[in-house]
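Here the structure is laid out as structure tokens; the discussion comes afterwards.
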Amino acid sequence: MRRALERLRGRYPWLDHAVRAQQRYDRSQGDFYAAGITYFTIFAMFPVLMVGFAVVGFVLASRPDQLAEIDSRVKAAVPGEFGEQIIGLMDAAIASRTSVGVIGLATALYVGLLWMQRLRAALSQMWGQQFPPPGFLNTKMSDVLALVAAFLASLLTIGFGVLATSALRLAGSVRLGSMVVSILVAWLLFTVMIARLPHDPVPLRRCAAAGLLAAVGFEVFKQVGSIYLQTVLHGPAGAVFGPVLGLMVFAYMTARLVLFATAWAAERGTETELPGFVVAGS
């Protein structure tokens, strides 16, 4: 079996590249780093939801007519004492929107810094970079700048993708066009992430193929995830636990995909000598 794999690697450079990338991923403890990134990704959802809820509270506080309409709909959908309790919770949350927003922002910044630290460490590990421990202030300032840059890049790429997708739909294009736009947007985002977030930045050209690999895989994950949600939301248990479990699996698989793509980029231009073969790096 091993000899057959070696022959295939000698015949197909892309297969040899994939095997070397997987070996680098395993040596660099890719699964361990992917699990850490997933934990902080899920953890960061709660303060982000708090900030979003605070924003909605400020909007509703300035529009009492919409708030009254929501209250009437809640009473119609959930009559009785339980409906009154829901309205009371909504009113209390809107009244404390400032404190909820401040706590959410502070917690989101803290968790975001931890997430960025794990992500940068994981990407640097895939590149085989030995980063010295700098001072605490320099490290946190660098992580803050990287977090803000990643957030802005995500907003720009997502916004561009939404606009382009809307334009395609208005033009009467099919769903395939929207998927192509999504892949292109994700390609840009992942390429910048793989190249610029490690402690020692890497040229973008070297990471373009890895970014495309991550973008295509990410689009496949999204399509599978949408099918999964449509399947599990029919039952009561699936409606409660299905989205949470699906989000955890999606975040973990995405983290693994990004780290494997980084290992792929790091193996570009290397050579592997097999018994009887010399395989040029792809």
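On the given criteria, is GLY161 modelled with pLDDT under 65 and on the phi > 0 side of the Ramachandran plot?
no
So for the range 24-32 (the condition being within 23 Å of the chain's Cα centre (by Cα), small (Gly, Ala, Ser) and closer than 20 Å to ARG97 by Cα), does at least one residue qualify?
No, the range 24-32 contains no residue that is within 23 Å of the chain's Cα centre (by Cα), small (Gly, Ala, Ser) and closer than 20 Å to ARG97 by Cα.
Out of the residues in the range 1-46 meeting the condition of being touching a helix residue (DSSP H, G or I) at 6+ places or on another chain (Cβ under 6 Å) and without any contact (Cβ under 8 Å) to a residue 12 or more places away in the chain, tell me which one is surrounded by the most Cβ atoms within 10 Å (Cβ to Cβ).
LEU15
In this structure, is VAL185 in contact with a helix residue (DSSP H, G or I) (Cβ under 8 Å, 6 or more places away or on another chain), over 23 Å from VAL220 (Cβ atoms), modelled with pLDDT of 75 or more and of a type in the set (A, V, I, L, M, F, W, C)?
When the stated conditions are applied, VAL185 does not pass them.
Filter the range 118-143 down to residues that are at pLDDT below 85 and assigned to a helix (DSSP H, G or I), then give me how many there are.
Residues flagged as at pLDDT below 85 and assigned to a helix (DSSP H, G or I) within the range 118-143 amount to 8.
Which residues, taken from the range 190-212, are surrounded by fewer than 21 Cβ atoms within 10 Å (Cβ to Cβ) and assigned to a helix (DSSP H, G or I)?
Hits for the range 190-212 are VAL192, ARG196, LEU204, ARG205, ARG206, ALA208, ALA209, LEU212.
The values are calculated or read from the model by the stated rules, or taken from the named source; none is laboratory data. It should be emphasised that the depicted structure is a prediction, and the values quoted were computed from it without experimental measurement. For neighbour counting, all protein chains shown are included, and Cβ atoms are generated from backbone atoms with ideal geometry for every residue, glycine included.
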